[in-house]
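Data first, discussion second: the structure below is written as structure tokens.
Any read-out appearing in this document is the output of simple, stated calculations on the displayed coordinates, not a laboratory observation. Being a predicted model, the structure only gives us computed values, none of them experimental. Positions of Cβ are backbone-derived with ideal geometry, glycine not excepted, and every protein chain shown enters the neighbour counts.
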Amino acid sequence: MAMSHLEVRNLSKRFGDFTALGDISLDIAEGEFVCFLGPSGCGKTTLLRAIAGLDPQSSGTIRQKGRDVSALPPAQRDFGIVFQSYALFPNLTVTDNVGYGLVSRRQARGAIAKRVNELLTLVGLPDAGPKYPAQLSGGQQQRVALARALATSPSLLLLDEPLSALDARVRLRLRHEIKALQRTLGVTTIMVTHDQEEALTMADRIVVMNQGAIDQVGTPQEIYRHPTTAFVADFVGSMNFLPGTLLAPDKVKVGGLTFDCPAQDGLALSQKVNLCIRPEDVRVRDLPAGIANRVPIEIADLDFVGAFCRALLKVRAAPDVTMTADFSSNLIRDLGVQLGSHLDVALPPDRLRVFAA
Amino acid sequence: MSLAAPAPRSVLRANLSRDDLMMRAGVVVLAGMLLLIVGLPLWALLAKGFEDREGRFIGLANYLSYFSTPALFDSALNSFEVAAAATLIVVPLAFLYAYALTRTVLPARWLFQGISLIPIFAPSLLPGLALVYLFGNQGFFKGMLGGPIYGFDGILIAQVFYCFPHATLILATALATADARLYEAADALGASKLRVFFTVTLPGAKYGLISAALVVFTLVITDFGIAKVIGGNFNVLATDVYKQVIGQQNFSMGAVVGMMLLAPAALAFVIDRVVQRKQVALLTARAVPLSPKPRLGRDAFFTAFCTVISFGILAILGMAAWGSLIKYWPYNLSLTLGNYQFANFDANGWDSYFNSLRMAAGAAIFGTVLMFVGAWLNEKTKGFGAVRGIVQFLAFLPMAVPGIVLGLGYIFFFNAPNNPLNFLYATMAILVINTVAHYYTVGHLTATTALKQIDPEFESVSASLKVPVWRTFARVTAPICLPAILDIAIYLFVNAMTTVSSVIFLYAPDTKLASVAAVNIEEAGATAAAAALCIVIVITSATVKALHILADRFLLGRLQAWRRR
């Protein structure tokens, strides 16, 4: 891994008896784009604000580029920040907003104007300078906020739910623009979000948080393919949870059926577990003879979602075991799938995850 | 990740930035100032009640003698009686008027609204003077009341005039925030108009009604000017304080009466705070604002009602204005400007008016700066809860303290020979300070509300850009809050022009104010000149308010182009 830009060690934040953050440790590499992902109240914004020094932690240390900044006020740290509300100064023009941090650095007026133009061009608003924030759309305001945060060339960019106040369409476009901008500038970036899709598409690494603790840190692929906790499995993407018992390290019994699964070493035999599979991993076509985990099912419900159908499958040997699976429109047509159809599916063992119930 | 035992943790003490230190120092200074101008004078008053004339501690002796002197205790009962009666009359009238303004289609609504505000621009003795002209010993309608106007009836009528705009403002605000969807739902369910009124309208205005009742009750019980002019032998608490202090020089008993006056006002204030806290936002972001549709019968009734009330207000004002222009009431009704030659009635002549202007301008400037910067410091300083709590308490205290009580506290505190601030006594400065303190709460609340409406992250952004917090205050926060800042300044100016109660103990011969001069002139029997001075005050404060409205509409529109989309 590249050199650490930020080292967070044993960070805790308490409000009275309530622990908002419990003993968080985390490293963020230089130039990395990291997302803090979790449901509301999981502590992700608290962690971001502690890193910025806006709401200092109760205990623990933060080092930025080797410098201990744990106790420093925000103005003595090195970061730029964009808030969900953008916090643009409504009575200043876009130019004055973007140049706000430059003016107090006593730079020459010409140099400031040049830098502001450069930044506005960078965020794709070269002509917005004389306008006031109220005259801009939400997406444009967001870009101005980004330009203002980047104006002083901070080595760390903090984004606190920057896209959640925008329309779905604008949000999609800005995801790519922010990511591209970050890649061009190479600035280490932390973004807080509760939107898993946003985290999956933008982040180099995702930090999944739950109840004031980090559940898992990994690349989007790792988080999606190999969730290490039931919470991560459930929170990121869709996941079927089939309650059962662990028969052998690599066998789980669900409703009278036995499934092969990757060998588990952290779980005790005959323990209650959940067998997990993502709806898109359920296999239907071209099942070879003797394939593992073959299950005859009945289609109990079929929801048209647009590009595909989400089917509710009832296991015929054990009708109270159900799971969802994503079927493409082609598949529905080719196999003539409809409500009540009987067919066989397979749950590929390498796609199965097992968590303690 | 290592599983080694966690190292023992020390609790982090975050360093304070220069901004943090500066703001904390500001909050400490603010707390100190409020302590000097609010806390300690009240403390001095409290202490005085337990001392004899020579300043020796005598425990509850003054209080015992107060309660065993029927003449004094009767005043308390009188005060309650007149306050309760005024509340019962003003609140329903103001409710109907506010309902007309907000829920019906009135012709010339702005005119009715403007007329209802007139009493705010007058010193409270103005309605008293007008009633003397109308119903006094030589009044036009002397026989109509069946008894003398001096006393309960006179005070009551004048108080209704004086308190009406305050109740109307509160109730109009309460009624203006209604969700049209509730009415549509009630209509769709087939509820009768009357049922809708009792199940939707009235509950929605409940807190406004309670608030208006408490405000009127407090205003009446603490007002001094009206009872002074038209009370006759009907003594109330506020005039008793004045008589004990100015008449009999019995400061200790004055302090005891002051405490009697403080108790109901403070109680009303506490009840109001508790009630307001229970109020949840009736108007959610998704509410649809209600805009009244024309309905002939209702609109005609309310137009007639508002016309009658407006006529009453204008009649009282007009009577005072006419009286001020008459040569010798009621024998020579020819017109003259002679009553405006104030030098013929009071040694200060017009100087007292210019003193008032200077005092009002001073209070508006210094008060607005102190209140706005103070509210900003208290809102934006991080941590430091204890000191900020003290500031909050001291900022709210003046609302619960009658002016005459605060004025008395000022005598005891600033006139004490061992007080190093004693040099302020009998200067213009102490009048300004006293007025700022007296009206601190409303200004502080206005500023706090305005500050709460702007994005809380401005300071965070500034810190991240390494811009000092005072720069963001000057360049962003204050300009955004300019309308609220102007509101505070005008509020202070108008109140400083009209106030009598607090400053009556504090003026020196060369710093006498117009409102106080009017009281003195009236005392000397020159009713017409007193009315003339009141009219000058009304014209001044109403003009300033009109300029404010014009500035708000035209100047601010140009200065604040950024508000436009």
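In table form, for the structure just shown:
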quantity	calculated
Sequence-distant lysines (8 or more away, or on other chains) whose Cα lies within less than 18 Å of A:LYS114	A:LYS131
Two-site FRET efficiency, B:LYS142 against A:ALA71, from Cβ-Cβ distance with R₀ of 60 Å, rounded to 0.05	0.15
Label-to-label distance, nm, for residues given as A:LEU343 and A:THR19 (7 Å Cα→Cβ offset)	4.9 nm
Within-12-Å neighbourhood charge of B:LEU125 [Cβ basis; K, R +1; D, E -1]	-2
Per-residue Cβ neighbour rank within 10 angstrom, fewest leading, B:LEU194, B:LEU533	B:LEU194, B:LEU533
Number of partner chain Cβ atoms within 10 Å, mean per residue of A:71-80	6
Ranked list, fewest to most other Cβ atoms within 10 Å of each Cβ, for A:THR152, A:THR46	A:THR152, A:THR46
Percentage relative contact order, chain A, counting C-alpha pairs under 8 Å, at least six apart	15 percent
Formal net charge of residues neighbouring A:ASP303 (Cβ-Cβ distance under 11 Å; K, R +1; D, E -1)	-1
Helix runs (DSSP H) in chain B reaching 20 Å along axis by Cα, Kyte-Doolittle at least 0.5	B:18-34, B:70-103, B:152-176, B:206-222, B:251-278, B:296-324, B:351-380, B:482-498, B:527-550
Order by protection proxy (mean Cβ within 10 Å, highest first), peptides B:203-215, B:47-59	B:203-215, B:47-59
Listed residue pairs exceeding 18 Å between alpha carbons, taken from A:LYS251/A:LYS272; A:LYS13/B:LYS382; A:LYS253/A:LYS314; A:LYS44/B:LYS382	A:LYS44/B:LYS382
Residue-count net charge about B:LEU237 - beta-carbon cut-off 11 Å; Lys, Arg +1, Asp, Glu -1	-2
Value of [θ]222 nm, deg cm²/dmol, for chain A, DSSP H segments ≥ 4, -39500 (n - 2.57) each, nearest 500	-7000 deg cm²/dmol
Test item: A:54-63 mean partner chain Cβ contacts at 10 Å	3
Sequence-distant lysines (8 or more away, or on other chains) whose Cα lies within less than 29 Å of B:LYS327	B:LYS142, B:LYS228, B:LYS512
Euclidean distance of C-alpha centroids, region B:166-203 and region A:69-132, integer Å	47 Å
Peptides B:128-136, B:173-181 ordered by average Cβ neighbours within 10 Å, highest first	B:128-136, B:173-181
Spatial separation of Cα centroids for region B:361-420 and region B:258-272, in angstrom	18 Å
Ellipsoid semi-axes in whole angstrom, largest first, where each is sqrt(5λ) of the Cα gyration tensor of chain A	47, 25, 15
B:SER334-B:ASN422 FRET efficiency (beta carbon distance; Förster radius 51 Å; 0.05 resolution)	0.50
Extent along principal axes [Cα atoms of region B:496-557; Å; largest to smallest]	48, 25, 18
Residues B:HIS444, A:HIS5, sorted so that the one with the fewest Cβ neighbours within 10 Å comes first	A:HIS5, B:HIS444
Mean ellipticity per residue at 222 nm, deg cm²/dmol - from DSSP H runs of n ≥ 4 across chain B, formula -39500 (n - 2.57)	-20500 deg cm²/dmol
Euclidean distance between Cα centres, region A:189-244 to region A:302-318, Å	24 Å
Total charge dipole magnitude, the protein assembly as shown, about the Cα centre, Cβ charges on Lys, Arg, Asp, Glu only, Debye to nearest 20	1240 debye
Size of electric dipole in chain B: Cβ of Lys, Arg +1 and of Asp, Glu -1, about Cα centre, debye, nearest 20	1960 debye
Share of pairwise Cα separations in region B:461-565, more than 23 Å, in percent	51 percent
Per-residue mean of C-beta atoms belonging to partner chains within 10 Å, peptide B:477-487	1
Cβ charges +1 (Lys, Arg) and -1 (Asp, Glu), total dipole of region B:181-319, debye	500 debye
Virtual spin-label span in nm between A:LYS272 and B:LYS278, 7 Å along Cα→Cβ	4.6 nm
Those lysines that a straight Cα-Cα span of less than 20 Å connects to B:LYS193, excepting residues fewer than 8 apart in one chain	B:LYS206, B:LYS293
